[in-house]
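Note sheet for the following structure.
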Amino acid sequence: MTRTDKNAVEVRGLVKHYGETKALDGVDLDVREGTVLGVLGPNGAGKTTLVRCLSTLIVPDAGRATVAGYDVVRQSRQLRRTIGLTGQYASVDEKLSGWENLYMIGRLLDLPRREARRRADEMLERFSLTEAAGRAAATYSGGMRRRLDLAASMINRPAVLYLDEPTTGLDPRTRNEVWDEVRHMVAEGATVLLTTQYMQEAEQLASELTVIDRGQVIAHGAVDELKAKVGGRTLEIRPSDPAQLTGMARAVSEAGLDGVGGVQILADEGRLTVPILSDEQLTAVVGLLGGGGYGIAHIGTHLPGLDEVFLAVTGAKAPPATDEAGASGTIREEVAA
């Protein structure tokens, strides 16, 4: 489906307090139809509270929000039939089989019996649960329950899908399956609001990002826009002779190249870094050093990743990458010396 400029989700001045705690403190955001909005923020920033308000699980104290054209407070009953939600923890009926869970959800959402059966079979296959379809959910592993919960949230082809840290605890293969299914739903026209602690997940799925901290939106934009706010590429140079580090840094600093500055020497690592904004600046620096007779053993450029964006805008430590989560989103380009 072609993306439009129409918003599937519109939030203005949303407020939710728990006693003295301001979980949401005047949040504004938009999610365009047929896109994925990634919502990032430290633990306790208000991400889950936002999802719970938009899915009608709790009532905001102030502000307004519309989802798929429905007011989340005044038209909550109608809205629930058009959305899907996967929370941070799987919530399935352990006494029912996997197939029975999905069929039940389908019928509760008013799918005809035949359609509910067909969708249950389809979603079990998509999430690699067909072999376990007849087993009680109580016998499922944690990852299998999570996949079943995700399948249940998608069974009615929701117009808007909320995924609140959906892949926490999943192995890499299952995480990739979830990502593929999210892409499949977006291609069919669904809109997704995704909260996540995995920078790679946000970069893989989201077309735009909103960063929340202490109940307020502190940054918003396309992935590349937010990276640009942190800074452009950093040129990393390692000389053939470490003794030339100081001379190389002085040569670049004193050359007065347009837009090039902030040269840093990392003596312990035997390299220097030069912030650059364009390919022309990269070529100028390399040409300068080559013409000056400096031997270069290695050159590379480092693009800021979402982990660095997160750190820059929140001032908090970004969630570390793990073997399970994969790379943090940092990209390195190797350039022949």
Take the residues of region 154-181 that are β-branched (V, I, T) and under 14 Å from the mean Cα position of the chain (by Cα): which is farthest from D110 (Cα to Cα)? T168
Search region 181-200 for residues being outside any strand (DSSP E or B), β-branched (V, I, T) and touching a Ser or Thr at 6+ places or on another chain (Cβ under 9 Å), and hand back the single one that is farthest from M123 (Cα to Cα). T196
Can you find a residue in region 73-81 that is buried (at least 20 other Cβ atoms within 10 Å of the Cβ), of a type in the set (G, A, S) and outside any strand (DSSP E or B)? no
Identify, by number, the condition in (1) within 16 Å of L193 (Cβ to Cβ); (2) small (G, A, S); (3) touching a helix residue (DSSP H, G or I) at 6+ places or on another chain (Cβ under 6 Å) that G98 doesn't meet. (1)
Out of E181, E131, which single residue is acidic (D, E), open to solvent by 10 Å² or more (accessible area, probe 1.4 Å) and out of contact with any helix residue (DSSP H, G or I) (no Cβ under 8 Å at 6 or more places or on another chain)? E131
Could you tell me whether any residue of region 24-46 is touching a residue at least 60 places away in the same chain (Cβ under 8 Å) and over 21 Å from the mean Cα position of the chain (by Cα)? yes
Qualifying positions in region 134-146 - in contact with an Asp or Glu (Cβ under 9 Å, 6 or more places away or on another chain) and open to solvent by less than 20 Å² (accessible area, probe 1.4 Å): A137, Y140
In region 1-45, the residues that are charged (D, E, K, R) and closer than 21 Å to Q204 by Cα: R3, D30, R32, E33
Is region 201-208 home to any residue that is closer than 23 Å to Q88 by Cα, open to solvent by less than 10 Å² (accessible area, probe 1.4 Å) and part of a helix (DSSP H, G or I)? yes
Return the residue satisfying two criteria in turn: it lies in region 107-128 and is buried (at least 20 other Cβ atoms within 10 Å of the Cβ) and more than 18 Å from T174 (Cβ to Cβ), and of such residues it is farthest from the chain's Cα centre (by Cα). A116
Quick check on L29: is it closer than 25 Å to G221 by Cβ and either open to solvent by less than 40 Å² (accessible area, probe 1.4 Å) or modelled with pLDDT under 90 (or both)? yes
Scope region 160-178; condition of a type in the set (D, E) and open to solvent by less than 10 Å² (accessible area, probe 1.4 Å); matching residues: D164
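The values are calculated or read from the model by the stated rules, or taken from the named source; none is laboratory data. Here the structure is a predicted model, which means the values were calculated and not measured. A quick note on method: Cβ atoms are made from the backbone with ideal geometry, for glycine too, and the neighbour counts reach across all protein chains shown. Keep in mind that these areas ignore ligands, DNA and RNA; they rest on the heavy atoms of the full protein, side chains included. Shrake-Rupley method; radii C 1.70, N 1.55, O 1.52, S 1.80 Å.
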